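> Sharing a structure here in structure tokens format.
The values are calculated or read from the model by the stated rules, or taken from the named source; none is laboratory data. Note that the coordinates shown come from a computational prediction; the quantities given were computed from them, not determined experimentally. Cβ: placed from backbone, ideal geometry, glycine included. Neighbour counts: every protein chain shown.
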Amino acid sequence: MIVQKSKGAVGLHIILAVAFLILVSSLPTLPVNKLYDFGKKGEAMADISRISGAISRYKSRTNEYPVNQQALLVSVGGYEPELTSLPERDPWGNTNTGVNGTGGISAYCYARTEKGFAVWSIGRDKQNNSGGSGSSLPNANFSGDDVGIISE
């Protein structure tokens, strides 16, 4: 007995095969994008840790936090500058994100808080979701896709 396929079934098989190929070809891009963003967050946190360490050293030497990040580039009290340069861009390409004069010219935001300081990147969305002055910064974490350190 010979079984004949209808012309509609062949068309359906072609559509299903194309849909399957599209689905399979898009799967590898999903985790790669997340890993890429994860890597950028790690890179930002490395920059932020370096700046935060310099701020802590500045505080231990002068007994006060710097007014802005540029103070870390200047000799104070006979000590060498804490940093020789500040990052010009964060991993997402953000530049000069100083907020209300607290950050100055740097890729990262800096603000003194009631108990310490915060350094953060405005992240991929290029929006400062975490505030600008010390009183408006969160006590425990950052908002949106902002990443950073709050030190007490």
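> Going by the structure shown, is G148 modelled with pLDDT of 85 or more, under 16 Å from the mean Cα position of the chain (by Cα) and not aliphatic (A, V, I, L, M)?
Working: modelled with pLDDT of 85 or more: yes; under 16 Å from the mean Cα position of the chain (by Cα): yes; not aliphatic (A, V, I, L, M): yes.
So G148 fits the description; yes.
> May I pose another question? Exactly one condition in (1) exposed (fewer than 14 other Cβ atoms within 10 Å of the Cβ); (2) modelled with pLDDT under 90; (3) part of a helix (DSSP H, G or I) is false for V3; which is it?
Result: V3 passes all but (3).
> Next up: Out of S25, S121, which single residue is at pLDDT below 90 and under 15 Å from the mean Cα position of the chain (by Cα)?
Values: S25 fails: under 15 Å from the mean Cα position of the chain (by Cα).
Selected residue: S121, the only one of S25, S121 that is at pLDDT below 90 and under 15 Å from the mean Cα position of the chain (by Cα).
> Here's a follow-up. Check I55 against each of (1) at pLDDT below 90; (2) farther than 15 Å from V147 by Cα; (3) part of a helix (DSSP H, G or I) and name the one condition it does not meet.
Of everything listed in (1) at pLDDT below 90; (2) farther than 15 Å from V147 by Cα; (3) part of a helix (DSSP H, G or I), I55 misses just condition (1).
> A follow-up question, please. One residue is enough: does the stretch 109-117 have a residue meeting the conditions at pLDDT 75 or above and surrounded by fewer than 16 Cβ atoms within 10 Å (Cβ to Cβ)? Explain how you work it out, then say what you get.
First, the residues of the stretch 109-117 that are at pLDDT 75 or above: 109-117.
In the following step, the residues that additionally are surrounded by fewer than 16 Cβ atoms within 10 Å (Cβ to Cβ) were identified as 114-115.
Checked against the condition, which is being at pLDDT 75 or above and surrounded by fewer than 16 Cβ atoms within 10 Å (Cβ to Cβ), the stretch 109-117 yields at least one hit.
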